[in-house]
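The values are calculated or read from the model by the stated rules, or taken from the named source; none is laboratory data. Keep in mind it's a predicted model, so treat the numbers as computed, not measured. Glycine gets a Cβ as well: all are built from the backbone with ideal geometry, and neighbour counts include every protein chain shown. Areas reflect the complete protein model, heavy atoms only, side chains present, ligands, DNA and RNA absent. Shrake-Rupley method; radii C 1.70, N 1.55, O 1.52, S 1.80 Å.
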Amino acid sequence: MQMPLPWKSKPALSEDRLNLIASHLREIFYGVETLLVTEDDCNYGRGALFFSRARRRLISLAISGDHQWLKLTNPAMDVTLEIDGLPFRFFRDDHETPTKKGFWRRNANDRLFDPDDREPVIFRFVVQRPLTEDDELDIYFVGYNAVQEAVCEWRYGHVRVLHGVDEQLPVAVTQEPALAALPESEKVSPRASNDNAK
């Protein structure tokens, strides 16, 4: 079952805004992955550099003044920003079973909502690194309720496929057979092609 999209309950969390932030997180992730490729590098080092760069990038985006809807509310290591007043943080983790220390911790700037078990009260961008070289990076924006259950979710770059809910197939459309020959006006006479060959 697909979860509701964030903007269904919170219109300020529009797809274009989420796309903008996720595209920056993606760029930073791959920048770090291509930079730290020696045998002296490890996932811990990549994760630390990703966090550092992503934190600085989001702070810069928020204070640039280019996006009136994006506001920095906490520049500390538990960096918190708001999209039109809705606080969010970001983590490099598994979006279904987050384990990072501090994922569920809410600082003073991240406590906008009263506890609710139906509505999202905690918003997180979750950067889920590929498990193999053939996998793609996944970036999710997830809204969790007060008991830490996901209640809305959006995946960056994911195209939702719409399908009918009934069993009825659409009516077939008959088409003329395809033309297999050139129209007379485009045919070249054998004599003209021999003249061109000389």
request  = Scan 44, 30 and give me the residue that is at pLDDT below 95, under 18 Å from the mean Cα position of the chain (by Cα) and under 22 Å from residue 138 (Cα atoms).
outcome  = 30
inquiry  = Pairs needed: first member in the stretch 60-84, within 15 Å of residue 13 (Cα to Cα); second member anywhere, basic (Lys, Arg) and in a loop (DSSP other than H, G, I, E, B); C-beta distance under 9 Å; at least 6 residues apart or different chains.
reply    = 83/10; 84/10
message = Looking only at the stretch 58-84, filter to residues that are part of a strand (DSSP E or B) and not hydrophobic (A, V, I, L, M, F, W, C); which one of those is least open to solvent (accessible area, probe 1.4 Å)?
response = 80
inquiry  = Just to check your reading of the model, which residue among 87, 120 is open to solvent by less than 20 Å² (accessible area, probe 1.4 Å), outside any strand (DSSP E or B) and at pLDDT 85 or above?
reply    = 120
query = Among the listed residues 53, 129, which satisfies the condition of being open to solvent by 30 Å² or more (accessible area, probe 1.4 Å), under 15 Å from residue 25 (Cα atoms), of a type outside the set (Phe, Trp, Tyr) and at pLDDT below 95?
reply = 129
Residue list for the stretch 16-30, restricted to those being of a type outside the set (Lys, Arg) and either out of contact with any helix residue (DSSP H, G or I) (no Cβ under 7 Å at 6 or more places or on another chain) or within 16 Å of residue 87 (Cα to Cα) (or both) = 16, 18, 19, 20, 21, 22, 23, 27, 30
